[in-house]
């Protein structure tokens, strides 16, 4: 039976204390200088990539929706940095940060948003549907909460095959009110599935504040109803994210128990870029206050400057490298071709794509 | 050859595939300890245990999605819908995730799951439990769907579905579970995409699938005996992929086609079949294509009326005579 760890009160207290407390936690203390610099590199890389993608969107180069992760970077970066060989992740449509954190290239991600053949999904998925199974990253899913049972399935497979690992399924605060997610919470607790659900609570499900969408503001608390452990922490400090998530992931791997982790974070931009009114459902001051005090890029930079890992010069150099890489990815995407029309009907059926000896019977596609 | 029920044939397929491949498991409501709501999985839990035969809570969206996620890492789950009607609460999982994950990833993954369960009316249970959604499934590129009309096909198609590397829906029929057919003792597979000519004939073709194919066969025999009409009966078996060649060859031979299915007519499977025939065998047709489908209303509860609402021998014979008039 799960023993819920109700640490929300104490973690909130910690968050207001000196942030370096988390950097001193064993899981963070064990990081080498290079590993810490890598965390900074990932976080600032996501920021610069998305800033560049926003420009491309505003220039009409990227179609559809663009859900930016700006402000939330430390969450995906921190959790991905804890992944072991048999750990897998899956997320919803705000998926660029997770993709870059697992090591997908800016080129393939930017090209995907441009709809180009060189994109990670050959231009078939778009911004919301990035995948890299070779990096244990299973998307990138467009329907709110639709990815949550899939995450449970990844974890189920690990247990079924006797592999020591866990799945991390990210979702937003808007997804907690979907039936599929609540069904899944019950199932994973009932069956002892090694999955960690991470609610990235940015306070708004599109334009509706948490207060206006969820009957109870403590979302992780719902785990109690399923006899499942939960915790709440802050998402702007990558070391705090790592410290808390590490416990949840370890528990899942070692005890085959699910965990519900609510990470309080914030997005600077609208729900998507099309959400031009985002300053109407929240105040400018609210956004500015977060940027001033909790910006994930500034927070890690200051921490690493303080502990001597980074110098201003090195920080600047890494920032410039990421800006250049993002700029180059836009150029790469721009210059890449679209897939030929014949690609519209590939990647639909595995059996058709792999029918090298022409053994398949019957018609699979029904165009005149 | 052994004379076994449609239910037994499916159970044998599941049993054999569970033994053949350690990644095959079956999950669903009441499939294990209760032995299956329709006893299709009877004895499998006792034989194979908790790991391979898994009872789920009543949470179709959760266990469908879980099966899809597990399949991405190589598990090959067969999920039972107690009624295919219940898949409607898992539509996002089945019609967005199972069908499109491969495509949206540019072919980086595949989803080898089987979704099986009864999809039929005629059981006096009202509209919510009487859906025949093979047309909806077929409308989603990425999904495959088969509708076995007899025990032989049920076993062979189920095995093919489990070994297939794409998501396959197997539409069963509660009215067929207790019916018996000859099934070989030795192993066999019925490939997807291959129709079956149940009866040869020269005057007209009836094209059908699922239990309606069996009703069509009966009607064809009556038409021959009482009206002297030679009817060819094509059982589609597989809806997507579809055996167009067998359909077209038969219609080209007979010049007339009656399409029979339990689906409601609007956007039913036969709407597509009719289009294919007019497009590819127009010059061979001696008259309009006719259809016998479920009468176009939600499934009615009252038994005598429901028996008239879905195709029956009398309605098929009337349709056939219209075709020939």
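The values are calculated or read from the model by the stated rules, or taken from the named source; none is laboratory data. On a predicted model such as this, the values are computed, not experimentally measured, just so you know. As a convention, Cβ positions derive from the backbone with ideal geometry for all residues, glycine included, and neighbour counts pool all protein chains shown.
Before moving on, here are some points about what is shown:
- The conditions of being surrounded by 18 or more Cβ atoms within 10 Å (Cβ to Cβ), more than 21 Å from residue B:137 (Cα to Cα) and either in contact with a strand residue (DSSP E or B) (Cβ under 6 Å, 6 or more places away or on another chain) or in the same structural domain as residue B:131 (by TED's automatic domain parsing) (or both) are not met by residue B:240.
- A single entry from A:234, A:246 fulfils the requirement of being more than 16 Å from residue A:185 (Cβ to Cβ) and touching a strand residue (DSSP E or B) at 6+ places or on another chain (Cβ under 6 Å): A:234.
- Meets criteria (more than 14 Å from chain A (Cβ to nearest Cβ) and either under 26 Å from residue A:133 (Cβ atoms) or in contact with a helix residue (DSSP H, G or I) (Cβ under 6 Å, 6 or more places away or on another chain) (or both)) for residue B:106: no
- Checklist (1) in a helix (DSSP H, G or I); (2) within 30 Å of residue A:203 (Cβ to Cβ) applied to residue A:278, failing item: (1)
- Qualifying positions in segment B:1-27 - under 23 Å from residue B:176 (Cβ atoms), outside any helix (DSSP H, G or I) and out of contact with any helix residue (DSSP H, G or I) (no Cβ under 7 Å at 6 or more places or on another chain): B:1, B:2, B:3
- A single member of B:16, B:60 is within 14 Å of another protein chain (Cβ to nearest Cβ) and either under 15 Å from residue B:115 (Cα atoms) or under 21 Å from the mean Cα position of the chain (by Cα) (or both), and it is B:60.
- Per-region count, segment B:79-98, residues within 14 Å of chain A (Cβ to nearest Cβ) and either surrounded by 23 or more Cβ atoms within 10 Å (Cβ to Cβ) or at pLDDT below 95 (or both): 7
- The residues on offer are B:49, B:69, B:107, B:126, and the sole one that is over 25 Å from residue B:7 (Cβ atoms) and surrounded by fewer than 24 Cβ atoms within 10 Å (Cβ to Cβ) is B:107.
- Identity of the residue in segment B:134-152, in a loop (DSSP other than H, G, I, E, B) and more than 14 Å from every other protein chain (Cβ to nearest Cβ), that ends up farthest from residue A:348 (Cα to Cα): B:150
- Screening segment A:127-168 for residues that are more than 9 Å from every other protein chain (Cβ to nearest Cβ) and outside any loop (DSSP other than H, G, I, E, B) and picking the one that is surrounded by the fewest Cβ atoms within 10 Å (Cβ to Cβ) gives A:135.
- Comparison of A:92, A:145, A:99 shows that the only residue that is in contact with a strand residue (DSSP E or B) (Cβ under 7 Å, 6 or more places away or on another chain) and within 19 Å of residue B:67 (Cβ to Cβ) is A:145.
- Of all residues making up segment B:33-52, the number that are within 13 Å of another protein chain (Cβ to nearest Cβ) and in contact with a strand residue (DSSP E or B) (Cβ under 6 Å, 6 or more places away or on another chain): 1
- Residue match in segment A:102-118 (condition: away from chain B (no Cβ under 14 Å) and either on the phi > 0 side of the Ramachandran plot or without any contact (Cβ under 8 Å) to a residue 12 or more places away in the chain (or both)): yes
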